[in-house]
Amino acid sequence: MSTSLEQSAPEFAGLRVFAFESRMATETASLIERFGGRATVVPAMREVPLEDNHPAFEFAARLVAGEIDLVIFLTGVGVRELMRVTEIRYPRDQLIKAMTGVATVARGPKPVSALRGFGIEPTITIPEPNTWREILLSVNQLIQLEGKRIAVQEYGVPNRDLIAGLEARGAIVFQVPVYRWALPEERGPLRDAACAIANAECDVLLFTSSAQVTNLVQVAEAAGIGAEMRRRMQDIVVGSIGPVCTQALRGHGIEPDLEPSHPKLGHLVREAAARSAEILRQKRGEVLKIRDLSEITPGGIERSALADHPLMRACRRQPVPYTPIWLMRQAGRYLPQYKRVRDRHPFLEMCQQPELAAEVTMTAFEHLGVDAAIIFADILLPLLPTGVGLKYEGGDGPLIERPIRSASELRHLAEVPPAESLGFVAEAIRIVRQALSNRAPLIGFAGAPFTLASYLVEGGSSRQYQATKTLMYTNPAVWHQMMDLLAGMTEEYLKLQIEAGVDVVQLFDSWVGNLGPDDYRRFVLPYTRRVIASVPDRVPVIHFGTITSTLLELMREAGGEVIGLDWRVDLGTAWQRLGPDVGVQGNLDPVALFADIPEIRRRAREILNGVGGRPGHIFNLGHGILPQTPVDHVRALVDMVHEMSAR
C-alpha cells in the first residue's frame with residue numbers, strides 16, 4: 001500500500017475505504033476518491049415497496065376523514081412512496097389538501113424537499129442529528145401530545161423508541177410502513193466485502209444506516225466469517241453517520257471510532273479522511289501491545305482474575321475445558337441447610353440481613369459444586385421502598401397491596417434510588433465476593449421492566465395477565481411511563497450490584513412469554529434493550545425468559561451475551577434461530593430432577609449432544625429448582641454435566 005501513516009493529512013492518502021451505499025453508490029465512490037481514498041462501494045440493501053399496503057390505505061382514509069392530527073415523515077423516499085401508494089385510492093389534490101390541514105413533521109432536509117415537491121410546507125423541521133430524541137423534543141415543545149392522533153411514516157423497520165416515546169406522552173400512534181429493507185438481490189459483492197474485512201484488506205469502513213450494519217453482519221455470518229470480521233474491525237477505522245447507526249454497530253459488538261459533526265455523508269467522508277491516519281496509528285500500535293498482555297481481553301477491556309473461568313469464557317463464546325453449570329434457585333427450599341435458616345427467619349429478613357443472604361448463597365455454592373454463586377435476593381426488592389405494600393406471604397409468593405393501574409396511582413409511586421434503599425444487597429455481595437475469593441464468578445440479577453410491571457399491575461402472579469394487558473392496550477401512555485420508571489430503577493439496581501462486585505448479571509423476564517411478538521416490540525423491547533445497554537461491557541448479561549419460543553429473535557435484539565432458554569424449546573434449534581453471536585443457557589426441565597439418576601443423565605446428555613461442543617453454552621435448568629427436589633439428584637446433575645462435557 002502506498003499510504004503512509006506517518007503523516008496526519010486531511011485526506012485518506014491511499015487508504016482502502018469501504019462504504020455500503022445503494023442509491024448514492026457512484027457519488028459516494030467519487031467523494032471518497034476526491035479525498036484521496038481507494039474506494040470500494042458495495043450496496044448493502046435495497047428498498048422494497050409494499051404494494052398491498054393496507055396500513056397506508058387506512059392512513060389515507062383517516063387523513064381525508066380528518067382523523068389525523070399530525071404526520072411524522074422520516075425519509076424523503078418515504079414521502080414520495082407514500083404519496084404514490086395512497087394515490088391508488090384517492091386523488092392527489094385531495095391528499096395534499098388534507099395534508100395541509102394537519103401538522104407535519106419532517107426529519108431532516110430530504111423529507112422537507114420531498115414535501116415541498118408536493119407543495120406542502122412542513123410545520124416542524126427536526127434539527128440535527130435528526131434522531132428520534134430530537135423528534136420527540138421538537139414536537140413536544142410545540143404541540144401538546146396528550147390525545148393527539150399521530151401517523152408515523154416508517155422506513156425499513158419500525159422506530160420503536162419513537163413510538164414508545166410518543167405513546168408515553170399520551171399520543172395515539174398509527175404506524176404507516178411504506179417500504180422494507182432487504183438484502184441486495186446479488187449478494188456476492190457484499191460477501192466479498194465481508195471477506196476482505198475479515199482478511200485485513202480494508203483500512204476504513206463508512207456506515208450511513210443501521211440496515212447496512214445489519215445486512216453486512218448477516219451476510220458475514222452466513223459465510224461463517226462473522227466473528228473474524230468483527231475481530232478485524234478492531235484494527236480498522238469504523239465511521240458511523242450518527243447515533244442510530246452507532247447503536248446498531250454496538251448491538252453487534254462493534255465500537256465506532258467516529259461520528260461526524262453533522263450526520264451527512266459529505267461530513268462523514270471529510271472527517272474520516274482527516275482523522276483516519278491518526279486513528280489507525282493508535283489502533284494498530286495498541287493492538288500489538290494488547291495481544292501481548294494477559295490482563296486485557298480482545299475487546300480492550302481490563303480482565304479480572306476470573307476472566308479464564310469456564311463460565312466467564314462461555315459467556316464470551318470461547319472454548320472451555322467443560323460445560324459450566326449453575327442452577328436457578330440453587331439456594332432454595334430443597335436444601336436442608338436453607339430450610340434451617342428459613343425456619344428461623346422470614347424470607348424478607350433473610351434478604352435484608354447481609355450475613356444471612358451471604359450464608360445461604362455460599363452454602364449452596366459449596367454444597368453443590370456448581371461453577372458460580374448467585375446472590376440470594378429477589379427480583380422485586382427494588383419495589384420495597386416505592387410504597388406499594390410489597391409483602392412476601394408464606395406459600396403465596398409476593399403480593400402487592402396497592403397495585404398500580406392508573407396515572408394517579410403511578411404518580412404516587414415513591415422513587416427511592418436503590419443505592420439508598422437496597423444497600424443490604426450490596427453488602428451481601430461484598431461478603432460473598434470475599435468468601436469466594438477468585439474461585440468462581442458471582443452472579444447478580446434483577447427483574448426485567450415487564451416482569452416488574454406485571455407484578456405492580458396484577459398485585460401478584462397471574463395466569464392471563466388481564467390487568468397488565470388491559471392497561472397496555474387502553475392506556476399506553478401510563479404503561480410507557482411505568483416502564484420508563486422501572487427501566488431506570490433496574491439500571492440503578494444492577495449498577496449497585498456491579499459496583500459491589502458481581503461478575504455476571506442475569507435479567508429475569510419471567511412472565512414475558514405471555515406476550516405476542518407485536519406487543520413485545522411495542523411495549524417491552526425498548527425498555528429491556530435500554531437496561532441491558534446500561535451494563536458495562538466487562539460484565540456479561542444473561543437475558544432469561546420463559547415460554548419465549550415466539551420471542552427469541554426479539555430477545556436477541558433486546559440484547560445480552562447469553563440468552564436463557566426454558567425447557568419448552570429444543571436448545572439446538574433455538575440457538576440456530578438466535579445466531580452465532582450469542583451464547584445460550586439451559587435448559588433441563590426442573591421436573592426431570594425427580595426422575596431416577598439414569599434418566600437425568602440421559603436428558604442431560606441429549607442437551608449436551610444438541611450443543612455439539614459449540615462454545616457458548618452454560619448448563620442450567622429451564623427455570624428454578626422446585627422445593628421438593630432431591631438434593632442428591634441436583635449434585636448428581638452437576639457432576640454428570642462436568643463429566644460428560646469434559647474436552
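The values are calculated or read from the model by the stated rules, or taken from the named source; none is laboratory data. These figures come from a predicted structure and were not determined experimentally. Here Cβ is always computed from backbone atoms with ideal geometry, including for glycine, and neighbour counts include all displayed protein chains. Each accessible area value is taken on the protein alone, full model and side chains, heavy atoms only, with ligands, DNA and RNA left out. Shrake-Rupley method; radii C 1.70, N 1.55, O 1.52, S 1.80 Å.
Does the range 186-202 contain at least one residue that is modelled with pLDDT under 90 and in a loop (DSSP other than H, G, I, E, B)?
yes
Look through Gly66, Gly101, Gly117, Gly37 and report the one residue that is crowded, with 22+ Cβ neighbours inside 10 Å, modelled with pLDDT of 90 or more and over 31 Å from the mean Cα position of the chain (by Cα). Walk me through how you get there before you give the answer.
Details: Gly66 fails: crowded, with 22+ Cβ neighbours inside 10 Å; Gly101 fails: crowded, with 22+ Cβ neighbours inside 10 Å; Gly117 fails: crowded, with 22+ Cβ neighbours inside 10 Å.
After ruling out the rest, the residue left standing is Gly37.
Those residues that are under 29 Å from the mean Cα position of the chain (by Cα) and either open to solvent by less than 70 Å² (accessible area, probe 1.4 Å) or at pLDDT 95 or above (or both), I need them from the range 129-148; list them, please.
Pro129, Asn130, Thr131, Trp132, Glu134, Ile135, Leu136, Ser138, Val139, Leu145
Scan the range 239-255 for residues that are part of a loop (DSSP other than H, G, I, E, B) and modelled with pLDDT of 85 or more and report the count.
Restricting attention to the range 239-255, the residues satisfying the condition of being part of a loop (DSSP other than H, G, I, E, B) are 241-242, 252-255.
Filter again for modelled with pLDDT of 85 or more, leaving 241-242, 254-255.
Result for the range 239-255: 4.
State which residue is nearest to Cys315 (Cα to Cα) when the search covers only the range 581-632 and only residues that are part of a helix (DSSP H, G or I), in contact with a strand residue (DSSP E or B) (Cβ under 9 Å, 6 or more places away or on another chain) and in contact (Cβ under 8 Å) with a residue 60 or more places away in the chain.
This residue is Val611.
Does Gly266 count as crowded, with 18+ Cβ neighbours inside 10 Å, of a type outside the set (Val, Ile, Thr) and within 22 Å of Ala39 (Cα to Cα)? I'd like the intermediate steps shown before the answer.
Values: crowded, with 18+ Cβ neighbours inside 10 Å: no; of a type outside the set (Val, Ile, Thr): yes; within 22 Å of Ala39 (Cα to Cα): yes.
It is false that Gly266 is crowded, with 18+ Cβ neighbours inside 10 Å, of a type outside the set (Val, Ile, Thr) and within 22 Å of Ala39 (Cα to Cα).
Within the group Ala604, Ala533, which residue is of a type outside the set (D, E, K, R) and under 20 Å from the mean Cα position of the chain (by Cα)? I'd like the intermediate steps shown before the answer.
Details: Ala604 fails: under 20 Å from the mean Cα position of the chain (by Cα).
That would be Ala533, the only listed residue that is of a type outside the set (D, E, K, R) and under 20 Å from the mean Cα position of the chain (by Cα).
Any idea which of Ser138, Ser113 is of a type in the set (Gly, Ala, Ser), under 26 Å from Phe523 (Cα atoms) and part of a helix (DSSP H, G or I)? So that I can check it myself, show each step before the final result.
Values: Ser113 fails: under 26 Å from Phe523 (Cα atoms).
Testing whether each residue is of a type in the set (Gly, Ala, Ser), under 26 Å from Phe523 (Cα atoms) and part of a helix (DSSP H, G or I) leaves just Ser138.
I'm trying to understand the selection: among the residues of the range 513-533, which are under 12 Å from Ala448 (Cα atoms), without any contact (Cβ under 8 Å) to a residue 60 or more places away in the chain and open to solvent by less than 50 Å² (accessible area, probe 1.4 Å)?
In the first step, residues of the range 513-533 are kept if they are under 12 Å from Ala448 (Cα atoms); the result is 524-532.
With without any contact (Cβ under 8 Å) to a residue 60 or more places away in the chain added as a condition, the list becomes 529-530, 532.
Once the filter is applied, which keeps residues that are under 12 Å from Ala448 (Cα atoms), without any contact (Cβ under 8 Å) to a residue 60 or more places away in the chain and open to solvent by less than 50 Å² (accessible area, probe 1.4 Å), the range 513-533 yields Arg529, Ile532.
So which residues in the range 424-463 are without any contact (Cβ under 8 Å) to a residue 60 or more places away in the chain and surrounded by fewer than 17 Cβ atoms within 10 Å (Cβ to Cβ), if there are any at all?
Correct list: Gln434, Ser437, Arg439, Ser462, Arg463.
Pairs, please: C-beta under 9 Å, at least 6 apart or cross-chain, first residue more than 24 Å from Phe523 (Cβ to Cβ) and in the range 172-183, second assigned to a strand (DSSP E or B) and open to solvent by 20 Å² or more (accessible area, probe 1.4 Å)?
Cβ pairs passing all conditions: Tyr179/Glu47; Tyr179/Val48; Tyr179/Pro49; Tyr179/Tyr155; Ala182/Arg46; Ala182/Glu47; Ala182/Val48; Leu183/Arg46.
Of the numbered conditions (1) farther than 25 Å from Phe544 by Cα; (2) of a type in the set (Lys, Arg); (3) outside any loop (DSSP other than H, G, I, E, B), Lys391 fails exactly one; give the number of that condition.
With respect to (1) farther than 25 Å from Phe544 by Cα; (2) of a type in the set (Lys, Arg); (3) outside any loop (DSSP other than H, G, I, E, B), Lys391 is out only on (1).
Checking Phe445 against (1) modelled with pLDDT of 95 or more; (2) assigned to a helix (DSSP H, G or I), which test does it fail?
Of everything listed in (1) modelled with pLDDT of 95 or more; (2) assigned to a helix (DSSP H, G or I), Phe445 misses just condition (2).
Gln506 fails exactly one of the following numbered conditions: (1) surrounded by 21 or more Cβ atoms within 10 Å (Cβ to Cβ); (2) assigned to a helix (DSSP H, G or I); (3) not aliphatic (A, V, I, L, M). What is the number of that condition?
(2)
Go through (1) in contact with a strand residue (DSSP E or B) (Cβ under 7 Å, 6 or more places away or on another chain); (2) open to solvent by less than 10 Å² (accessible area, probe 1.4 Å); (3) more than 28 Å from Met482 (Cα to Cα); (4) at pLDDT below 95 one by one and return the number of the condition Gln153 breaks.
For Gln153, the exception is condition (3).
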